[in-house]
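Okay, so here's the structure we're looking at.
The values are calculated or read from the model by the stated rules, or taken from the named source; none is laboratory data. These numbers come from a predicted model, not from an experiment. Quick reminder, even Gly has a Cβ in these numbers, built from the backbone with ideal geometry, and neighbours come from all protein chains shown. Side chains are part of the model used for accessible areas, which takes the heavy atoms of the whole protein and leaves out ligands, DNA and RNA. Shrake-Rupley method; radii C 1.70, N 1.55, O 1.52, S 1.80 Å.
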Amino acid sequence: MDIMQAEKPTVRKEFIMQLNEAFKIIEKNLSDLNTQLGFKKSSETEKGLTFSGDKGIYRIVFDDETSILSFECSYEDKGDETQFNTTSRSLFELDKIDDRDVRSVANEAKDEIEHLFNTKKNANLDKIKMPKAVSRTKAKNGSISYDVDSLANRFGALYPEYKDEIKMNIAQYGEFLPEAFFIEHGNEKVLDIIKNGNESEQKRLFKMLGEIYEDGTNEVQEIIGVTILGEMKNDKEMMAVADKYMTEYMAGPVHEINKLTGKKNRFTKKLADPPAYKPKRNKSFSLANSLNANK
């Protein structure tokens, strides 16, 4: 028993030393690119490195329970309230890796930084077109459904100050990625209107969301129900505002979703730490659609 107790601090110390050495190699390999893009180390802990600059913020974080090293970034540095997007994960077993493995991880991080932040630097937003919306007539008669591009278009029309962020999202991912846009930018506007907007602003917001939800694809219903309105997290005051303007068709699923997002569970943990983005993905399940089907 005494031997086991004596070994734990030693193992912990070796773990920290190995990780520190790995971080030093990674930081050295990123040095030139950080200088080029104006990033400086803003914080360092036992399990992570964070770099920030005018273009945004990124961090490399190690999870000792899973031995996963994650690359996370955001275009906005809001201190403790920064909402990071996980863009890549690597298996990083400290008892098995060598210098080559560490340099390989550093090279992957370089690729992520180049892609994410150089794209932002070089993107000519004037040449990027806003996503097109499905016509109201076609959506209403059922010949075609609203999609996520329609949501982006209508959101940008309602709040023109967000058009550049929508275009930047397209420049970064090659297509409009609604989860990233609303988590990083759009939800802040939505929640502000729900909390602080006047009746006219709130009515316009829910009219737009309601129209797209009711005649939308499963994917866009999930974005509106979970990613956007799920962020109310069952707050009584915000839910009361939503109930004034939501249609019956949308209200049921939104209430059920907020019962989940208002609690800490596996579902909300997945929302807070979604898997890295993959452009080609097959959707097999829609929470919002499933809730509608079970009404």
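Looking only at residues that are without any contact (Cβ under 8 Å) to a residue 40 or more places away in the chain and of a type in the set (G, A, S) in the stretch 229-263, which one is nearest to I194 (Cα to Cα)?
Once the filter is applied, the top-ranked residue is A240.
State which residue pairs qualify: first residue at pLDDT below 90 and inside the stretch 16-30, second residue surrounded by 15 or more Cβ atoms within 10 Å (Cβ to Cβ) and not in a helix (DSSP H, G or I) in any location, beta carbons under 7 Å apart, and separation of 6 or more residues or different chains.
Q18/L94; L19/K47; L19/F62; L19/L94
Considering L158, L91, L125, which residue is of a type in the set (A, V, I, L, M), open to solvent by 30 Å² or more (accessible area, probe 1.4 Å) and under 21 Å from F206 (Cα atoms)?
Going through L158, L91, L125 in turn, just one is of a type in the set (A, V, I, L, M), open to solvent by 30 Å² or more (accessible area, probe 1.4 Å) and under 21 Å from F206 (Cα atoms): L158.
Listed residues I144, I166, I113, I97; which is in a loop (DSSP other than H, G, I, E, B) and surrounded by 16 or more Cβ atoms within 10 Å (Cβ to Cβ)?
I97
Identify, from the list G216, G225, the residue that is closer than 23 Å to R136 by Cα and touching a Pro at 6+ places or on another chain (Cβ under 6 Å).
G225
Would you please list the contacts, defined by Cβ atoms under 8 Å and residues six or more apart or on different chains, that run from a residue in the stretch 169-198 that is among the small types (G, A, S) to a residue that is open to solvent by 10 Å² or more (accessible area, probe 1.4 Å) and outside any helix (DSSP H, G or I)?
Final answer for the pair search is A171/A123; A171/I128; G174/P279; A180/N85; A180/Y277.
Step by step: first the residues of the stretch 228-261, then only those that are farther than 21 Å from L151 by Cα and not in a helix (DSSP H, G or I), then the one that is nearest to the chain's Cα centre (by Cα). Which residue is that?
K233
Mind checking which pairs have a first residue in the stretch 62-90 that is free of Cβ contacts under 8 Å to residues at least 24 places away in the same chain and a second that is open to solvent by 20 Å² or more (accessible area, probe 1.4 Å) and assigned to a strand (DSSP E or B), Cβ under 6 Å, 6 or more apart or different chains?
Taking only residues 6 or more apart or on different chains, the pairs are S70/V61; S70/R89; E72/R59.
Could you check how many residues of the stretch 197-232 are closer than 24 Å to D77 by Cβ and open to solvent by 10 Å² or more (accessible area, probe 1.4 Å)? Break it down into steps so the answer makes sense when it comes.
The initial filter retains those residues of the stretch 197-232 that are closer than 24 Å to D77 by Cβ, namely 227-228, 231.
Add one more test, that the residue is open to solvent by 10 Å² or more (accessible area, probe 1.4 Å), and what stays is 227, 231.
Going through the stretch 197-232 one residue at a time, the tally reaches 2.
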